[in-house]
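The values are calculated or read from the model by the stated rules, or taken from the named source; none is laboratory data. None of these values were measured; they are calculated from a predicted model. Cβ placement follows ideal geometry from the backbone for every residue including glycine, while neighbour counts extend to all protein chains displayed. SASA here: full protein model, heavy atoms, side chains in, ligands and nucleic acids out. Shrake-Rupley method; radii C 1.70, N 1.55, O 1.52, S 1.80 Å.
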Amino acid sequence: MEMVASLPAPSTVEEVFGDYSGRHRGLVRALTAEVDDLYALCHPERENLCLYGHPDGSWEVNVPPEEVPPEMPEPTLGINFARNGPKRWDWLSRVAMHSDSWLLSVAFFFAARFSGDERKRLFNLINDLPTVFEAFCNHQLAKKHTRVDRGSKPKRSSKRLKTGPSTAFPPTVNNGSDEDANAISATSCGSCGTKHHSNFWIQCDVCERWFHGKCAKMTRAKAEKTKQYRCPSCSSK
(Lines give C-alpha, C1' and ligand atoms only; values in the text may rest on other atoms or scores of the structure.)
Protein backbone atom coordinates (compact mmCIF):
# COMPACT_ATOMS: atom_id res chain seq x y z
CA MET A 1 0.00 0.00 0.00
CA GLU A 2 1.12 3.58 -0.60
CA MET A 3 1.41 6.15 2.14
CA VAL A 4 -1.67 8.38 2.33
CA ALA A 5 -0.90 12.05 1.74
CA SER A 6 -0.73 14.05 4.97
CA LEU A 7 -3.78 16.16 5.81
CA PRO A 8 -4.02 19.36 7.86
CA ALA A 9 -3.79 18.56 11.56
CA PRO A 10 -7.24 18.38 13.20
CA SER A 11 -7.81 21.31 15.54
CA THR A 12 -11.18 20.75 17.26
CA VAL A 13 -12.48 17.98 19.49
CA GLU A 14 -14.77 16.76 16.72
CA GLU A 15 -11.97 16.81 14.13
CA VAL A 16 -9.56 14.93 16.40
CA PHE A 17 -12.24 12.34 17.17
CA GLY A 18 -12.99 12.00 13.45
CA ASP A 19 -9.28 11.43 12.81
CA TYR A 20 -9.17 8.85 15.63
CA SER A 21 -12.30 7.06 14.36
CA GLY A 22 -10.91 6.73 10.83
CA ARG A 23 -7.57 5.38 12.02
CA HIS A 24 -9.38 3.05 14.45
CA ARG A 25 -11.60 1.74 11.64
CA GLY A 26 -8.58 1.00 9.46
CA LEU A 27 -6.70 -0.84 12.21
CA VAL A 28 -9.77 -2.92 13.08
CA ARG A 29 -10.09 -3.92 9.40
CA ALA A 30 -6.42 -4.90 9.32
CA LEU A 31 -6.80 -7.14 12.36
CA THR A 32 -10.18 -8.67 11.47
CA ALA A 33 -11.54 -8.73 7.92
CA GLU A 34 -8.12 -8.35 6.26
CA VAL A 35 -5.96 -10.08 8.85
CA ASP A 36 -4.51 -12.59 6.35
CA ASP A 37 -3.22 -9.69 4.24
CA LEU A 38 -1.67 -8.10 7.34
CA TYR A 39 0.00 -11.34 8.35
CA ALA A 40 1.47 -11.84 4.88
CA LEU A 41 2.81 -8.28 4.68
CA CYS A 42 4.61 -8.57 8.02
CA HIS A 43 7.24 -11.03 6.85
CA PRO A 44 10.21 -11.18 9.26
CA GLU A 45 12.72 -10.88 6.41
CA ARG A 46 11.51 -7.36 5.55
CA GLU A 47 12.72 -4.11 7.13
CA ASN A 48 11.46 -2.66 10.40
CA LEU A 49 7.74 -2.31 9.75
CA CYS A 50 4.93 -0.36 11.41
CA LEU A 51 1.17 -0.80 11.14
CA TYR A 52 -0.52 2.48 10.26
CA GLY A 53 -4.21 3.37 10.37
CA HIS A 54 -5.21 6.38 8.26
CA PRO A 55 -7.98 8.95 8.81
CA ASP A 56 -9.86 7.72 5.73
CA GLY A 57 -10.28 4.23 7.23
CA SER A 58 -7.46 2.60 5.24
CA TRP A 59 -4.37 0.91 6.68
CA GLU A 60 -0.89 -0.02 5.56
CA VAL A 61 2.27 -1.75 6.69
CA ASN A 62 5.32 0.36 5.96
CA VAL A 63 8.67 1.59 7.24
CA PRO A 64 8.50 4.85 9.22
CA PRO A 65 9.61 8.13 7.61
CA GLU A 66 13.16 9.23 8.32
CA GLU A 67 12.04 12.66 9.49
CA VAL A 68 13.39 13.59 12.95
CA PRO A 69 11.40 14.41 14.95
CA PRO A 70 8.47 12.75 13.17
CA GLU A 71 5.37 14.70 12.23
CA MET A 72 3.35 12.73 14.78
CA PRO A 73 3.92 9.75 17.13
CA GLU A 74 4.98 6.60 15.31
CA PRO A 75 3.46 3.11 15.74
CA THR A 76 5.47 0.29 17.26
CA LEU A 77 8.49 -0.40 15.08
CA GLY A 78 9.55 -3.86 13.90
CA ILE A 79 6.31 -5.74 14.51
CA ASN A 80 7.21 -8.13 11.69
CA PHE A 81 10.32 -9.44 13.46
CA ALA A 82 8.20 -11.10 16.16
CA ARG A 83 5.64 -12.56 13.76
CA ASN A 84 7.03 -16.11 13.61
CA GLY A 85 7.90 -16.33 17.32
CA PRO A 86 4.67 -16.54 19.33
CA LYS A 87 1.48 -18.17 18.11
CA ARG A 88 -0.39 -16.20 15.49
CA TRP A 89 -3.19 -15.20 17.88
CA ASP A 90 -0.71 -13.96 20.50
CA TRP A 91 1.19 -11.91 17.95
CA LEU A 92 -1.98 -10.35 16.51
CA SER A 93 -3.37 -9.53 19.95
CA ARG A 94 -0.10 -7.83 20.88
CA VAL A 95 -0.20 -5.78 17.67
CA ALA A 96 -3.81 -4.82 18.53
CA MET A 97 -2.84 -3.58 22.01
CA HIS A 98 0.09 -1.56 20.67
CA SER A 99 -2.25 -0.12 18.02
CA ASP A 100 -4.58 1.10 20.77
CA SER A 101 -1.65 2.77 22.49
CA TRP A 102 -0.63 4.47 19.25
CA LEU A 103 -4.17 5.70 18.54
CA LEU A 104 -4.36 7.39 21.94
CA SER A 105 -0.92 8.94 21.58
CA VAL A 106 -1.85 10.44 18.20
CA ALA A 107 -5.19 11.76 19.46
CA PHE A 108 -3.68 13.46 22.49
CA PHE A 109 -0.74 14.72 20.46
CA PHE A 110 -3.29 16.70 18.45
CA ALA A 111 -5.12 17.61 21.68
CA ALA A 112 -2.03 19.01 23.43
CA ARG A 113 -3.36 22.58 23.13
CA PHE A 114 -6.88 21.71 24.25
CA SER A 115 -8.28 22.77 27.60
CA GLY A 116 -8.93 20.21 30.31
CA ASP A 117 -12.65 20.15 29.53
CA GLU A 118 -11.94 19.63 25.82
CA ARG A 119 -9.55 16.76 26.51
CA LYS A 120 -12.10 15.17 28.82
CA ARG A 121 -14.79 15.44 26.15
CA LEU A 122 -12.43 13.91 23.59
CA PHE A 123 -11.58 11.02 25.89
CA ASN A 124 -15.28 10.33 26.56
CA LEU A 125 -15.96 10.15 22.82
CA ILE A 126 -13.02 7.79 22.35
CA ASN A 127 -14.02 5.67 25.32
CA ASP A 128 -17.44 5.00 23.80
CA LEU A 129 -15.74 3.01 21.01
CA PRO A 130 -14.44 -0.51 21.63
CA THR A 131 -10.66 -0.73 21.61
CA VAL A 132 -8.90 -2.36 18.67
CA PHE A 133 -8.03 -5.21 21.02
CA GLU A 134 -11.69 -5.67 22.01
CA ALA A 135 -12.75 -5.65 18.36
CA PHE A 136 -10.08 -8.25 17.58
CA CYS A 137 -11.17 -10.53 20.44
CA ASN A 138 -14.86 -10.19 19.52
CA HIS A 139 -14.02 -11.12 15.93
CA GLN A 140 -12.23 -14.25 17.15
CA LEU A 141 -15.24 -15.18 19.30
CA ALA A 142 -17.61 -14.62 16.38
CA LYS A 143 -15.50 -16.95 14.23
CA LYS A 144 -15.67 -19.62 16.94
CA HIS A 145 -19.44 -19.32 17.24
CA THR A 146 -19.91 -19.52 13.49
CA ARG A 147 -18.01 -22.80 13.46
CA VAL A 148 -20.13 -24.11 16.34
CA ASP A 149 -23.38 -23.07 14.66
CA ARG A 150 -22.33 -24.98 11.56
CA GLY A 151 -22.11 -28.18 13.53
CA SER A 152 -18.63 -28.38 15.05
CA LYS A 153 -19.01 -29.90 18.49
CA PRO A 154 -16.83 -28.73 21.43
CA LYS A 155 -14.69 -31.58 22.75
CA ARG A 156 -15.44 -30.95 26.42
CA SER A 157 -19.03 -29.83 26.29
CA SER A 158 -22.26 -30.83 24.62
CA LYS A 159 -23.68 -27.30 24.90
CA ARG A 160 -24.61 -25.58 21.66
CA LEU A 161 -25.39 -21.99 20.79
CA LYS A 162 -29.11 -21.26 20.66
CA THR A 163 -31.22 -18.71 18.80
CA GLY A 164 -31.69 -15.22 20.18
CA PRO A 165 -29.03 -12.65 21.03
CA SER A 166 -25.37 -13.59 20.84
CA THR A 167 -24.55 -15.90 23.74
CA ALA A 168 -21.23 -17.56 24.41
CA PHE A 169 -19.72 -20.53 26.19
CA PRO A 170 -18.07 -20.08 29.57
CA PRO A 171 -14.32 -19.40 29.23
CA THR A 172 -13.51 -22.98 30.26
CA VAL A 173 -15.11 -24.47 27.14
CA ASN A 174 -12.66 -25.19 24.33
CA ASN A 175 -13.32 -26.59 20.87
CA GLY A 176 -9.76 -27.80 20.54
CA SER A 177 -8.26 -24.60 19.09
CA ASP A 178 -5.66 -22.71 21.14
CA GLU A 179 -6.59 -19.49 19.34
CA ASP A 180 -10.26 -19.86 20.31
CA ALA A 181 -9.39 -20.62 23.93
CA ASN A 182 -7.07 -17.63 24.13
CA ALA A 183 -9.66 -15.34 22.54
CA ILE A 184 -12.29 -16.24 25.11
CA SER A 185 -9.94 -16.16 28.10
CA ALA A 186 -8.66 -12.72 27.01
CA THR A 187 -12.15 -11.20 26.87
CA SER A 188 -13.10 -8.91 29.74
CA CYS A 189 -16.67 -8.27 30.80
CA GLY A 190 -17.89 -4.91 29.46
CA SER A 191 -19.54 -4.20 32.83
CA CYS A 192 -17.21 -5.37 35.60
CA GLY A 193 -14.03 -5.50 33.50
CA THR A 194 -12.96 -8.92 34.82
CA LYS A 195 -12.31 -12.16 32.95
CA HIS A 196 -13.60 -14.58 35.58
CA HIS A 197 -15.60 -17.70 34.71
CA SER A 198 -19.32 -17.27 34.10
CA ASN A 199 -22.13 -19.71 33.35
CA PHE A 200 -22.67 -17.85 30.09
CA TRP A 201 -21.74 -14.64 28.33
CA ILE A 202 -23.94 -12.39 26.23
CA GLN A 203 -22.84 -9.99 23.49
CA CYS A 204 -24.38 -6.57 22.90
CA ASP A 205 -25.73 -6.49 19.34
CA VAL A 206 -24.79 -2.81 19.01
CA CYS A 207 -21.29 -2.26 20.47
CA GLU A 208 -20.38 -6.00 20.26
CA ARG A 209 -18.87 -6.04 23.76
CA TRP A 210 -19.27 -9.18 25.89
CA PHE A 211 -20.86 -9.29 29.34
CA HIS A 212 -21.21 -11.88 32.07
CA GLY A 213 -24.84 -12.96 32.21
CA LYS A 214 -24.98 -11.91 35.87
CA CYS A 215 -23.56 -8.45 35.12
CA ALA A 216 -26.06 -8.02 32.28
CA LYS A 217 -28.85 -9.19 34.62
CA MET A 218 -29.75 -11.83 32.05
CA THR A 219 -30.41 -15.52 32.45
CA ARG A 220 -29.86 -17.97 29.61
CA ALA A 221 -33.62 -18.55 29.41
CA LYS A 222 -34.34 -14.82 29.20
CA ALA A 223 -31.60 -14.38 26.59
CA GLU A 224 -33.16 -17.04 24.37
CA LYS A 225 -36.40 -15.02 24.28
CA THR A 226 -34.69 -11.70 23.55
CA LYS A 227 -34.43 -10.90 19.84
CA GLN A 228 -31.76 -8.21 20.30
CA TYR A 229 -29.71 -7.46 23.41
CA ARG A 230 -28.51 -3.90 24.05
CA CYS A 231 -26.19 -3.22 26.98
CA PRO A 232 -27.13 -0.36 29.37
CA SER A 233 -24.69 2.02 27.66
CA CYS A 234 -26.13 1.41 24.20
CA SER A 235 -29.69 1.46 25.51
CA SER A 236 -29.15 4.93 26.97
CA LYS A 237 -28.06 6.21 23.56
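Couple of notes before you dig in:
- Heavy-atom accessible area ranking, 1.4 Å probe, most first, across Phe123, Phe211, Phe108: Phe123, Phe108, Phe211
- Under 5 Å from the amide H of Cys50 lie the amide H atoms of Asn62, Val63, Gly78, each residue being 5 or more positions distant or on a separate chain, with H modelled from the backbone and absent for Pro and chain starts.
- Accessible-area order (highest first, 1.4 angstrom probe) of the listed residues Glu71, Glu45: Glu45, Glu71
- Val206 long-range amide H proximity, modeled H, under 5 Å: Cys231
- Ligands, DNA and RNA excluded, the heavy atoms of Arg121 present near 110 Å² of accessible surface to a 1.4 Å solvent probe.
- Per-residue Karplus couplings for the stretch 45-59, computed as 6.51 cos²θ - 1.76 cosθ + 1.60 with θ equal to phi - 60°, are listed in order as 7, 7, 5, 4, 10, 10, 9, 10, x, 10, x, 8, x, 8, 9 Hz, Gly and Pro entered as x.
- Per residue, the stretch 1-148 exposes an accessible area of 51 Å² to a 1.4 Å probe, with every protein chain left in place.
- In this structure, the amide hydrogen of Glu34, modeled 1.01 Å from its nitrogen in the peptide plane, lies closer than 5 angstrom to no residue at least 5 positions away or on a different chain.
- Estimated D of the stretch 1-99 in µm² per second, where Rh is the Kirkwood radius over Cα pairs and Stokes-Einstein applies at 4 °C, 1.567 mPa s: 92 µm²/s
- For the pair Gln228 and Asp128, the difference between a 0.36 nm per residue extended length and the Cα-Cα distance amounts to 34.0 nm.
- For the stretch 209-218, 3J(HN,Hα) per residue [Karplus equation, 6.51 cos²θ - 1.76 cosθ + 1.60, θ = phi - 60°, Hz, x = Gly/Pro]: 7, 9, 9, 4, x, 5, 5, 7, 6, 10
- Largest to smallest accessible area among Val13, Val28 [probe 1.4 Å]: Val28, Val13
- Given charges at Cβ of Lys, Arg, Asp, Glu: the stretch 3-152 dipole, positive-most of Gly22, Leu122, Phe133: Phe133
- To the nearest 10, the accessible area of Thr12 is 50 Å² with a 1.4 Å probe.
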